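Worksheet: one structure, shown below.
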Amino acid sequence: MSAAPIRSRAAGVLPLILALALPLVLGGCPPRSPPQPPPEEGAGADAAVIAPLPDPVAEPTNRAEGDVLVIAIPRLDGDPLDLRDLRGRVVIVELSATWADDWTERYALYDGLVREHGPERLAVVLVAMDGEREALTPEPALRGPGFELGWDPQGAVAAQLQAAAVPTVIVVDAEGRIAHALAADVTSSSIVDALSSTLAAP
């Protein structure tokens, strides 16, 4: 066979090869999808739906009333405060921030409650979750004994308790058990009512 027919056929095939290869050269190879994990057993279309946030009224934290609250709270100045060191007193713990609308009002309320009932019966720990230390100075007023100011810029305490709202208030009885947990629309009167019932409990 002569070389001429072979060159003729090759010349006819070459444009076809170039036509097929040109899109790959210009556009690159089509991307490959990354391997996907096998679907979990029983997982359907609803598995990708994000679970709703907890109801701050029905579930203010991940702790139930009657649970013993064991937690260390970082203080504004000084070592962390272990709530077990306050056993024998009713304790109010509030997670809030200076940007909350009722910060100044709450500060005055707690200072007055500690003075009214005495630091031997009541302790208050107001935890500010502000990111900047400067936001806490100057304080709205002087704090008497029994009123501690915590500073938790990372929100570690709120995360540990899975607090559902700002503010969240927890009232702990003298034995360290949670007596009341309040969140969302917390008012001064609701705090006073929760404190009064806890102080009056046997």
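Read-outs: derived from the displayed coordinates by stated rules, not from any lab. Bear in mind that the values here come from a model prediction, so they are computed numbers and not experimental data. Cβ coordinates were reconstructed from backbone atoms using ideal geometry, including for glycine residues, and neighbour counts include every protein chain displayed.
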How many times 2.2 N^0.38 Å is the alpha carbon radius of gyration of segment 72-200?
0.95
Between segment 130-186 and segment 56-125, what is the separation of their alpha carbon centroids in Å?
5 Å
Please give the charge dipole size of segment 72-200, origin at the Cα centre, charges +1 on K and R Cβ atoms and -1 on D and E Cβ atoms. Round to the nearest 20 debye.
380 debye
Scan segment 132-167 for GluC sites (Glu not before Pro) in coil per DSSP, keeping those whose Cβ has at most 12 other Cβ atoms within 10 Å, and list them by number.
E132
Could you sort 168-174, 119-125 so that the peptide with the highest average Cβ count within 10 Å comes first and the rest follow in order?
168-174, 119-125
Taking the DSSP beta bridges in segment 72-200 as the whole, what percent of them are antiparallel, to the nearest 5?
50 percent
Both in Å, the radius of gyration and Dmax of the C-alpha trace of segment 84-156 are 12.2, 34
Kindly rank 153-161, 91-99 from highest to lowest mean number of other beta carbons found within 10 Å of each residue.
91-99, 153-161
Projected onto the charge dipole of segment 72-200 (unit charges on the beta-carbon of Lys, Arg, Asp and Glu, signs +1, +1, -1, -1), the Cα from S197, L161, Y110 with the largest positive-side position is that of S197
